[in-house]
Every structure is written in structure tokens, then in C-alpha cells.
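These notes concern the structure reproduced below.
The values are calculated or read from the model by the stated rules, or taken from the named source; none is laboratory data. Computed from a predicted structure; not experimentally measured. Note that each Cβ is placed from the backbone with ideal geometry, even for glycine, and that neighbours are counted across all protein chains shown. SASA here: full protein model, heavy atoms, side chains in, ligands and nucleic acids out. Shrake-Rupley method; radii C 1.70, N 1.55, O 1.52, S 1.80 Å.
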Amino acid sequence: MLVRTLDTMKGSDREVFAENGNWVSTRLLLKQDKMGFSFHETVIFAGTETRIWYKNHLEAVYCIEGEGEVETIDDGKIYPIQSGTLYALDKHDQHYLRAFKDLRLVCVFNPALVGREVHLPDGSYPAEEEAE
Ligand code: 9YT
């Protein structure tokens, strides 16, 4: 069994900051943990907007704290995010993620992230094989 705590992962190589400073992601489970998905706690900092397009991954996002919104770019729909909200990017949806208050999110990626991925210029993470 694997048992981990957020506190012990802070400051380790599993704590990854966005290059633009918009978020920090603590990667509690990665591909090497062999669960078939990766599992992260992400904080999106208040006042930020991030354009994202996970063309190589599916992601589910569950909010445990904070306030924000997600806008799907194809249709301009805006969905508020607060504690208890889940959104799942089942269509590899291009979107904007905005935080009005720090958003504390639990994020699951399939396929699993492999390590210290940060967004490429198009808002994606590299495909599994390119990331290794
Ligand atoms: C919700 C989202 O995708 N935020 C960007 C960071 C990502 N969750 C990650 O790498 O953990």
C-alpha cells in the first residue's frame, strides 16, 4: 500500500510550480506509482487566468476550497467552481480556468503524468511517451 501526505511532498521534486506562477501542483501519485492515473493537489492562485488544452490527457478536477470558473472556449459557456464542484474534460475541451479566490483542487490525469510536466505553449502536457 502507498500512504503519502501532502506536507511531506512539499519542497520535494513532486511539487511543481507553473512557469507563469499561476499554480502549484503536488503530485501525490505519478505513472511510476503504477495506478493507471496520476493524482494531484493543485492550488490555482487568486486573480489568475490559465488557458489549458489537454489534448493528450483526460482530466477530472474536484474543488475542495475557493472560488472560480471554467470557460469552454468552443462555445463560450462559463461554469462556476466552488467547494464540491467537479468538472471532467471528457472531450479534451480547450478552456480558461480562472480563480477569484485561491482554488484548491484535486486533479486526476489519465494517462498518468510522469513527473514535472508544465504546460506547453498550446496549454497541453506532452504525450506520455514524449514526457519520459
Ligand atoms: C486544473 C488544472 O489543470 N490545473 C493545472 C495544473 C494541473 N492540475 C496539474 O498539473 O496538476
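Solvent exposure of residue 79, expressed as accessible area, is near 100 Å², computed with a probe of 1.4 Å over the protein chains only. Remark: the chain carries 55 Å² of accessible area per residue (probe radius 1.4 Å; ligands, DNA and RNA excluded).
Say a site is exposed when it is one of the trypsin sites (Lys or Arg not before Pro), sits in a DSSP loop, and has at most 16 other Cβ atoms within 10 Å; what is then the longest site-free stretch of the chain? With a cap of 16 other Cβ atoms within 10 Å, the longest stretch comes to 92-115. Stokes-Einstein, applied to the Kirkwood radius of the chain over Cα pairs at a viscosity of 1.567 mPa s and 4 °C, places its translational diffusion at 87 µm² s⁻¹.
Dipole magnitude for the range 83-132: computed about the Cα centre from +1 point charges on Lys and Arg Cβ and -1 point charges on Asp and Glu Cβ, it is near 460 debye.
Classify the range 44-117 from the C-alpha gyration tensor, please: rounded if a/c falls under 1.5, else prolate or oblate depending on whether a/b exceeds b/c. It comes out oblate by the Cα gyration axes. Each of 72, 35, 96 was scored by the projection of its Cα onto the charge dipole of the chain, and the greatest displacement toward the positive side belongs to 35; charges sit on the C-beta of Lys, Arg, Asp and Glu.
Listed by chain and number, the lysines whose alpha-carbon sits under 27 Å from that of residue 31, ignoring those within fewer than 8 places in the same chain, are 10, 55, 91. Applying Stokes-Einstein at 25 °C and 0.890 mPa s to the Kirkwood radius of the range 1-75, computed over alpha-carbon pairs, gives a translational diffusion coefficient of 172 µm² s⁻¹. Rounded to the nearest 20 debye, the dipole magnitude of the chain is 320 debye, with +1 charges on Lys and Arg beta carbons, -1 on Asp and Glu beta carbons, and the Cα centre as origin.
Ignoring ligands, DNA and RNA, what percent of the 1.4 Å accessible area of the range 5-132 is carbon and sulfur? In the range 5-132, the share of accessible area belonging to carbon and sulfur is 53 percent. What the phi angles of the range 91-97 give under the Karplus curve with 6.51, -1.76 and 1.60, with θ = phi - 60°, is a coupling list of 10, 6, 4, 6, 7, 9, 10 Hz, glycine and proline written as x.
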